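Asks: I have a structure here, written as structure tokens, and I will follow up with some questions on it.
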Amino acid sequence: MQHVEMNFDGLVGPTHNYAGLSYGNVASLNNAKGVSQPKQAALQGLVKMKTLADLGMHQGVLAPQARPDLSVLRRLGFTGNDAQVLNKAAKSDPVILSACYSASSMWTANAATVSPSADTSDGKVHFTPANLTNKFHRSIEPTVTGNILQATFADPSVFMHHQHLPENDHFGDEGAANHTRFCSGYEQSGVEFFVYGRTAFDASKPMPKKFPARQTLEASQAVARLHGLNADKTVFALQNPDVIDQGVFHNDVISVGNQNVLFYHEQAFAETQTVLDEIQRKMGDTPMHFIHVPSEQVSINDAVRSYLFNTQIITLPNGEMTIIAPMECHENVAVRQYLAHLITLNTPIKQVQYIDVKQSMQNGGGPACLRLRVALNATELNAINPATRLTNAKFEQLNQWVNSHYRDELAIADLADPSLLLESQTALDELTQILNLGSVYPFQLG
Ligand code: SUG
């Protein structure tokens, strides 16, 4: 039977903007209030997807959220017709307006945690949308994310969808950004690796001093329970709180895994050797490749700015691994040299390929943030909504769709313009037809 890992990338939505909403995320704060380029952002994302598809990978597309979220604005007391709601919010609280306009659902590593059927007790693929409680603009994503996931993975005989965890910081959950799965082949049961930033019900445990730890141990444990994971094949690791304070707001900013490879910065985890030993023990006979990057070669600052660990490590059809890195890794001399060195080491990673996702990077989202990994067997692969698969024809169709609906530029002041709402709804209504999703957005559901 054919087993694959399929990447589902988030399509960048028409309201992509730089609002500086993510305290603890260096790029988001540095680029706050800059002018964004939504059309270019979406086209860059599509080229990234096409690059992977051309390498022989299975590539899918996840639809963006509808923005602005008018129901949230109304819940916050802004009244009147749609234009009046936007106008009042723009005048009295532009930050709230920009949060309700954020295109942050593009980072689908934060859409959900996914456990493949080989790991779960009922033999189905399990999805739990992330509640993203730590940032207001992201906390309004999970319900529609659940709708989109259910429209993409619809068949209940193979896919199991859970509700997101309770919306409270005790169960703060950021999805696959803090979750990696190790295995020998995608068809084998694997070891699911959850990395958390603090223990919510025990304040005596380590936690960062400056920036928030978005993921709690309790949230990771709840997801593992929901998915029916085997405790002998699950590892929970504390992220090093000091690196969170240096801008590592998700584990996928400091480590990335694929099959039997864990590529990580030496400062990534609080108790590195214990974590590595547990992973290897739970992997049994499959030898792991632990590739550790020392601070002398790449500093935390360089890792955060270049997103060396927000790369995608993918297994090509010929079995070799390639690392997909953002251009910022090429521009940083220490990181470029490190990557040139990495592919000469005796590890499965044999090539590096650079891609341009600068519009997303400027908000702290690299290649790995833009994708949700779903390992599938042949039956499951056949059960996904075929219209969400990136074929050459779909790539052309989506490029045309972006070119006809997206603005070239968007400044924060433009968010007050009610025609942006209309443009966005028209575009997304058409997109649900292109991706054959049915009605997933509140404005479609009435
Ligand atoms: O949650 N940025 C996102 C970036 C998410 C990256 N995802 C992963 N590492 N997997 C965040 O901080 C910035 C929005 C703004 O400032 O306009 C933002 O939401």
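The values are calculated or read from the model by the stated rules, or taken from the named source; none is laboratory data. Because the structure is a prediction, the values reported are computed rather than measured. Don't worry about glycine lacking a Cβ; one is built from the backbone with ideal geometry, like all the others, and counts go over all protein chains shown.
Asks: Across the range 19-56, what is the total count of residues that are of a type in the set (Gly, Ala, Ser) and farther than 21 Å from Thr388 by Cα?
Replies: First, the residues of the range 19-56 that are of a type in the set (Gly, Ala, Ser): 19-20, 22, 24, 27-28, 32, 34, 36, 41-42, 45, 53, 56.
When the remaining residues are screened for being farther than 21 Å from Thr388 by Cα, the result is 19-20, 22, 24, 27-28, 32, 34, 36.
Here the count works out to 9.
Asks: Lys33 fails exactly one of the following numbered conditions: (1) within 16 Å of the ligand (Cβ to nearest atom); (2) within 18 Å of the chain's Cα centre (by Cα); (3) not aliphatic (A, V, I, L, M). What is the number of that condition?
Replies: (2)
Asks: Applying the selection to the range 303-329, what residues are touching a Lys or Arg at 6+ places or on another chain (Cβ under 8 Å) and either more than 20 Å from Arg371 (Cβ to Cβ) or loosely packed, with under 14 Cβ neighbours inside 10 Å (or both)?
Replies: Glu320 - this is the single residue of the range 303-329 that is touching a Lys or Arg at 6+ places or on another chain (Cβ under 8 Å) and either more than 20 Å from Arg371 (Cβ to Cβ) or loosely packed, with under 14 Cβ neighbours inside 10 Å (or both).
Asks: Then there is this: Cβ-Cβ under 7 Å, sequence separation 6+ or interchain: first residue in the range 90-102 and in a helix (DSSP H, G or I), partner among the basic types (Lys, Arg). Which pairs?
Replies: Note: pairs meeting the criteria are Cys100/Arg67.
Asks: Still on this structure: Only one of (1) more than 16 Å from the ligand (Cβ to nearest atom); (2) surrounded by 18 or more Cβ atoms within 10 Å (Cβ to Cβ); (3) among the small types (Gly, Ala, Ser) is not met by Ser71, so which one is it?
Replies: Among (1) more than 16 Å from the ligand (Cβ to nearest atom); (2) surrounded by 18 or more Cβ atoms within 10 Å (Cβ to Cβ); (3) among the small types (Gly, Ala, Ser), Ser71 violates only (2).
Asks: May I pose another question? If you go through the range 390-411 one residue at a time, do you hit one that is assigned by TED's automatic domain parsing to the domain that holds Val26, assigned to a loop (DSSP other than H, G, I, E, B) and more than 30 Å from Cys100 (Cα to Cα)? Quick ask: steps written out before the conclusion?
Replies: Start the filter on the range 390-411 by keeping residues that are assigned by TED's automatic domain parsing to the domain that holds Val26, which leaves 390-411.
Next, from what is left, pick out any that are assigned to a loop (DSSP other than H, G, I, E, B): 390-391, 406-409, 411.
Pick out the ones that are also more than 30 Å from Cys100 (Cα to Cα) and you get 391.
Scanning the range 390-411, I find at least one residue that is assigned by TED's automatic domain parsing to the domain that holds Val26, assigned to a loop (DSSP other than H, G, I, E, B) and more than 30 Å from Cys100 (Cα to Cα), so the answer is yes.
Asks: Under the condition of being among the β-branched types (Val, Ile, Thr) and exposed (fewer than 14 other Cβ atoms within 10 Å of the Cβ), which residue from the range 355-413 is nearest to the chain's Cα centre (by Cα)? Reasoning before the result, please.
Replies: Step one: filter the range 355-413 for residues among the β-branched types (Val, Ile, Thr), giving 355, 357, 374, 379, 384, 388, 391, 402, 412.
Now drop any that are not exposed (fewer than 14 other Cβ atoms within 10 Å of the Cβ), which leaves 379, 391.
Details: Thr379: 25, Thr391: 22 Å.
The selected residue is Thr391.
Asks: Please state which of the following conditions Thr128 fails to meet, knowing it meets all the rest: (1) surrounded by fewer than 24 Cβ atoms within 10 Å (Cβ to Cβ); (2) in a strand (DSSP E or B); (3) of a type in the set (Val, Ile, Thr).
Replies: (1)
Asks: Do you know which residues across the range 237-269 are surrounded by fewer than 17 Cβ atoms within 10 Å (Cβ to Cβ) and touching a Leu at 6+ places or on another chain (Cβ under 8 Å)?
Replies: Those that are surrounded by fewer than 17 Cβ atoms within 10 Å (Cβ to Cβ) and touching a Leu at 6+ places or on another chain (Cβ under 8 Å): none in the range 237-269.
Asks: With under 24 Å from Asp242 (Cα atoms) and not assigned by TED's automatic domain parsing to the domain that holds Leu76 as the only criterion, which of Pro116, Pro129, Pro206 stands out?
Replies: Details: Pro116 fails: under 24 Å from Asp242 (Cα atoms); Pro129 fails: under 24 Å from Asp242 (Cα atoms).
After ruling out the rest, the residue left standing is Pro206.
Asks: Just to be sure I understand, how many residues within the range 338-389 are farther than 21 Å from Gln188 by Cα and either free of Cβ contacts under 8 Å to residues at least 60 places away in the same chain or outside any strand (DSSP E or B) (or both)?
Replies: The first filter runs over the range 338-389 and keeps only residues farther than 21 Å from Gln188 by Cα, leaving 338-346, 350-371, 385-389.
Of the ones still in play, those that are also either free of Cβ contacts under 8 Å to residues at least 60 places away in the same chain or outside any strand (DSSP E or B) (or both) are 338-346, 350-352, 354, 356-370, 385-388.
So the count comes out to 32.
Asks: Let me ask something else. Name every residue in the range 97-122 that is among the hydroxyl-bearing types (Ser, Thr, Tyr), touching a strand residue (DSSP E or B) at 6+ places or on another chain (Cβ under 6 Å) and either more than 14 Å from the ligand (Cβ to nearest atom) or at pLDDT below 95 (or both), in order of residue number.
Replies: Answer for the range 97-122, where residues must be among the hydroxyl-bearing types (Ser, Thr, Tyr), touching a strand residue (DSSP E or B) at 6+ places or on another chain (Cβ under 6 Å) and either more than 14 Å from the ligand (Cβ to nearest atom) or at pLDDT below 95 (or both): Ser115, Ser117, Thr120.
Asks: Filtering the range 219-277 down to residues that are hydroxyl-bearing (Ser, Thr, Tyr) and farther than 26 Å from Arg305 by Cβ, which residue is farthest from the ligand (Cβ to nearest atom)?
Replies: The initial filter retains those residues of the range 219-277 that are hydroxyl-bearing (Ser, Thr, Tyr), namely 220, 234, 255, 264, 272, 274.
Next cut, farther than 26 Å from Arg305 by Cβ only: 220, 234, 274.
Details: Ser220: 15, Thr234: 21, Thr274: 25 Å.
So the residue we want is Thr274.
Asks: I've got another one for you. Scan the range 270-302 residue by residue and report those that are of a type in the set (Gly, Ala, Ser) and surrounded by fewer than 16 Cβ atoms within 10 Å (Cβ to Cβ). Reasoning before the result, please.
Replies: Keep residues of the range 270-302 that are of a type in the set (Gly, Ala, Ser), which gives 270, 284, 295, 299.
Selection gives Gly284, Ser295.
Asks: Continuing with the same structure: Among the residues of the range 139-176, count how many are more than 28 Å from Ala378 (Cβ to Cβ) and either in contact (Cβ under 8 Å) with a residue 40 or more places away in the chain or away from the ligand (no atom under 12 Å from the Cβ) (or both). Let's see the steps before the verdict.
Replies: We begin by selecting, within the range 139-176, every residue more than 28 Å from Ala378 (Cβ to Cβ); these are 139-144, 163-174.
Next, only the ones that are either in contact (Cβ under 8 Å) with a residue 40 or more places away in the chain or away from the ligand (no atom under 12 Å from the Cβ) (or both) stay: 140-144, 163-174.
Residues in the range 139-176 being more than 28 Å from Ala378 (Cβ to Cβ) and either in contact (Cβ under 8 Å) with a residue 40 or more places away in the chain or away from the ligand (no atom under 12 Å from the Cβ) (or both): 17 in total.
Asks: Right, next: Quick check on the range 257-287: of everything there that is β-branched (Val, Ile, Thr) and more than 25 Å from the chain's Cα centre (by Cα), which residue is farthest from Arg371 (Cα to Cα)?
Replies: So in the range 257-287, the residues β-branched (Val, Ile, Thr) come out as 261, 272, 274-275, 279, 286.
Then drop every residue that is not more than 25 Å from the chain's Cα centre (by Cα), which leaves 274, 286.
Details: Thr274: 29, Thr286: 26 Å.
Filtering the range 257-287 for residues that are β-branched (Val, Ile, Thr) and more than 25 Å from the chain's Cα centre (by Cα), the one farthest from Arg371 (Cα to Cα) comes out as Thr274.
Asks: Right, here's the next one. State all residues of the range 415-443 that are assigned to a helix (DSSP H, G or I), more than 23 Å from the chain's Cα centre (by Cα) and in contact (Cβ under 8 Å) with a residue 60 or more places away in the chain; if no residue qualifies, say none.
Replies: Answer for the range 415-443, where residues must be assigned to a helix (DSSP H, G or I), more than 23 Å from the chain's Cα centre (by Cα) and in contact (Cβ under 8 Å) with a residue 60 or more places away in the chain: Leu415, Ala416, Pro418, Leu420, Leu421, Glu423, Gln425, Phe443.
Asks: If you go through the range 381-418 one residue at a time, how many are in contact with a strand residue (DSSP E or B) (Cβ under 6 Å, 6 or more places away or on another chain) and closer than 30 Å to His3 by Cα?
Replies: Here is the first cut: in the range 381-418, the ones in contact with a strand residue (DSSP E or B) (Cβ under 6 Å, 6 or more places away or on another chain) are 388-390, 410.
Narrowing further to those that are closer than 30 Å to His3 by Cα: 388-390.
Residues flagged as in contact with a strand residue (DSSP E or B) (Cβ under 6 Å, 6 or more places away or on another chain) and closer than 30 Å to His3 by Cα within the range 381-418 amount to 3.
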